[in-house]
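The values are calculated or read from the model by the stated rules, or taken from the named source; none is laboratory data. These numbers were taken from a predicted model, which means no experiment stands behind them. Because the Cβ atoms are built from the backbone with ideal geometry, glycine has one as well, and the counts that use them run over all protein chains shown.
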Amino acid sequence: MSRSAVFLDEMGVGPLWRLRQGAAPEALDVAVEAAVEMDVAVAAPVAEAVEAVTAVVTEVVTEVQVEIPVAVVATPAPAAESDDTAWFDDAPAPAPVKQLSDTDIATLDWEGLTAAVAKCARCDLCKTRKGVVMGRGDRQGAWLMLASSPSRLEEREGLALPGEQGKLLDNMLKAIDLEAGRDVYITHLLKCRPLDEAGQERLPTESESAACRPYFERELALLQPRTIVTLGSMAAAGIKPGEKPVRGKVRQLGSASVVATFHPEMLLQDATGKAKARAWADLCLAKSTDGG
């Protein structure tokens, strides 16, 4: 047994491990200080042994080297840019609550109707929707602009006809001396966006349309419009199921005149301008039936 090992064994420190080269002397200093500070009030023989160990370790320091690993702080890679609305389609649908009956819905005021639509569970669309779309505009307006069902953009925004299509509709209304925020209410027959199994938009089923119909009828009763303009073929057909709509003709729904025209989204895609010209004629026809 070497001289250093004898002294360490007497101290009860154990074997002195020899580490790899590339050492930091500071580590040895820490080990020596720890050994010396074990007991300040040791007996004289032990104190002498401590001095001897210190001398031995100092002698051995040139032989023993430790390797201190250098900590490397990893810099996280920047997240890849993605569609800022990609989360939207992956978001879980809100949990539905108990459905209201047709009779319950027929007694609601505007605030109650809005709350009921938000929590509706009258059809399976409540299992796939990411949100509902209630109407917007003047709740005492004489005009009702009616689309069929919300698009992805409308569902995401929670707003009927937002963005460019909304701006186009507003400009169309201004052209016949109407303001969307003052004279017109805009809504859908369905308050949820119908999706197929692949997550693509589809036409609503008869059962879905029937389940949502009481909400539209309550909107109609609260609003009591004089003029209804349907936007797109599905809205034109859905407002009076079983009756084939014809552009350029005036129909009646109770005391309201009903005129069909194109959806603003289709007009935005009209490169020829023909659809816009026809839509202008439809609005002029609707304006001529307005008795206000």
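A compact table of results
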| quantity | calculated |
| --- | --- |
| Among residues of segment 105-137, those that are farther than 16 Å from A221 by Cβ, of a type in the set (D, E, K, R) and in contact (Cβ under 8 Å) with a residue 40 or more places away in the chain, counted | 5 |
| Matching residues in segment 232-246 - criterion: being free of Cβ contacts under 8 Å to residues at least 24 places away in the same chain and loosely packed, with under 15 Cβ neighbours inside 10 Å | K240, G242, E243, K244, V246 |
| Options L169, L113: the member that is touching a Lys or Arg at 6+ places or on another chain (Cβ under 6 Å) and within 23 Å of Q224 (Cβ to Cβ) | L113 |
| Helices (runs of 4 or more DSSP H) fully within segment 216-292 counting 2 or more residues that are farther than 28 Å from L108 by Cβ and of a type in the set (D, E, K, R) | 274-289 |
| Positions within segment 164-195 being part of a loop (DSSP other than H, G, I, E, B) and within 26 Å of A115 (Cα to Cα), in sequence order | A180, G181, R182, D183, L189, L190, K191, C192, R193, P194 |
| Every pair of residues 6+ apart whose Cβ atoms lie under 9 Å, when the first sits in segment 261-287 and is more than 15 Å from I228 (Cβ to Cβ) while the second is at pLDDT 95 or above and among the aromatic types (F, W, Y) | D270/F262; A275/F262; K276/F262; R278/F262; A279/F262 |
| Boolean, A142 is among the aliphatic types (A, V, I, L, M) and closer than 16 Å to T230 by Cα | yes |
| Yes/no for E179 being under 26 Å from D109 (Cα atoms) and of a type in the set (D, E, K, R) | yes |
